[in-house]
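The values are calculated or read from the model by the stated rules, or taken from the named source; none is laboratory data. Treat the numbers as computed from the prediction; the structure is a model and nothing was measured. When we count neighbours, we look across all protein chains shown, and the Cβ atoms used for this are built from the backbone with ideal geometry, even at glycine.
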Amino acid sequence: MQKLMQKFMRGLIKVQKIIKSIQMRKDIKMKSSIQLKLIILMVLGLATCVNGLIAQDSTTAAPVKVAKSKGYVKNTFEGNFILDNQTVMVPIKGTLEATIQHRFGIVNNGFTDLFGIFSGANMRLGVNYTPVKNLLLGFGATNDRMQVDFTAKLALLKQTKDNSMPVSVTYYGNALMDTRAKNSSLPIVSFSDRMAYFNQLIIARKFSDRFSFQVAPSITYFNNVDAYYDDAGKLQPKMNNAHLAIAFSGKIRLTPGTSLLLNYDQPLTQHPMNNPHPNLSFGLEFHTSGHDFQLFAGNYGFAEPQDNNVQNTNDYTKGQYLIGFNISRLWNF
C-alpha cells in the first residue's frame, strides 16, 4: 500500500513539471491541447492506482470466517398432544399452558345417547409450565376416580437441519394418584396402593413440512392391581403390575393451520387376565400461534396414559369408538 502511494505521488510530481514546462510555451492552441491530454492521463493514472490499491486489499486481507450455529428443526408437531399421546415437543422456556382433554362415551348406541355425547364422559384439566429450557412440568386432575397427576417432559435430543442428529428424542413421565376415600369396595391398604406410573421415550422425525412421525415405547406400573383367590385360597393377580406398550403417531399437514392426525397404540405385555385392546385413533388438528384444538375418534376412553394402556376394553374391530377433543392455550412470559 505504501509503495503504491509513493509511486502515485511521484507520478503526480512529474505530471506537474510537464504542465509547468508547457505553460511556458507561447503557442496557446498547442498548450491547451497538451493540457487536455495530460489531464486525461492524470485521470487514467489515478484510476489505475486506485484499482491497484483495491486489488492489493483483496489479495492480502485475511478471509473472514463466519461461525455456523447449529440449526434445529422446528415444529415437528404443533403442540404437546397428538390425540391420546404426548408429542416429542417441549415448549420454550417461560411458556404456561392450560389444557382440556375430553372423552365422550362409545358411539355404538347411535342416536339413543347421541353417539355417546349424552353418556358419561371423562375429562381432565391440566396446567403445564416450562421453568427452564427443554423441561416441562405439569399438574392435572381427572373426574374419573378423582385422580390427580404430576407430569414431567424433558427434551434429550433435537433433530438438526443438517441431519447430524436425524431425530428428536424426549422423555415423558407421569405419576398418577387415586384420591378416593378408602372403603370396602376400594382395596387400598396404604398410600403406595394409590399410585401408578407411566414412563415413555418419544422418538420423532420431521420428514418434510407436511409430514412428521414418531415412535414411543412405554412402560406403565401400577403398585396395586386387582386379584382373586384361587381354589387353594391363594391370592392371584389378574394382571401384571408392569405393562409394556408402543405407540405410532403421525401428522400430515393439509393447510398451514390444519393437519390430519393418526395414531396406533399396541400393548405388548400378556397378562393373566383382562388383556387390554389396542387403540386406533384419527382426527383433525386446528392450530394457531396460541391455541391448539384437536377433534378425533378413537378407542381409548380415559384421559390418563396409565388407564388407557392397561385398562382399555374398547375394541376397534367392533366399532367401539369414542369422540374426543383436546384444547390447549399457551402464554409466554
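Quick notes on this one:
- Listed conditions (1) part of a strand (DSSP E or B); (2) of a type in the set (A, V, I, L, M, F, W, C); (3) touching a residue at least 24 places away in the same chain (Cβ under 8 Å) are all met by ILE117, apart from (1).
- In the range 204-223, the residues that are among the polar types (S, T, N, Q), surrounded by 16 or more Cβ atoms within 10 Å (Cβ to Cβ) and under 26 Å from ARG194 (Cβ atoms): SER218, THR220
- Within the range 183-194, restricting attention to residues that are surrounded by 12 or more Cβ atoms within 10 Å (Cβ to Cβ) and within 30 Å of ASN128 (Cα to Cα), the residue that is nearest to the chain's Cα centre (by Cα) is ARG194.
- Apart from one condition, ASP193 fits all of (1) within 22 Å of ASN274 (Cβ to Cβ); (2) in contact (Cβ under 8 Å) with a residue 24 or more places away in the chain; (3) in contact with a Gly (Cβ under 9 Å, 6 or more places away or on another chain); the exception is (3).
- Answer residue from the range 90-149, given it is polar (S, T, N, Q) and loosely packed, with under 14 Cβ neighbours inside 10 Å and is nearest to PHE325 (Cα to Cα) among those: ASN143
- Only one of the listed residues (ASP226, ASP230) is at pLDDT below 95, in contact with a strand residue (DSSP E or B) (Cβ under 6 Å, 6 or more places away or on another chain), in the same structural domain as ARG103 (by TED's automatic domain parsing) and loosely packed, with under 15 Cβ neighbours inside 10 Å. That residue is ASP230.
- Selected residue (criterion: surrounded by the most Cβ atoms within 10 Å (Cβ to Cβ)) from residues of the range 259-278 that are in contact with an Asp or Glu (Cβ under 7 Å, 6 or more places away or on another chain) and farther than 19 Å from ILE203 by Cα: SER259
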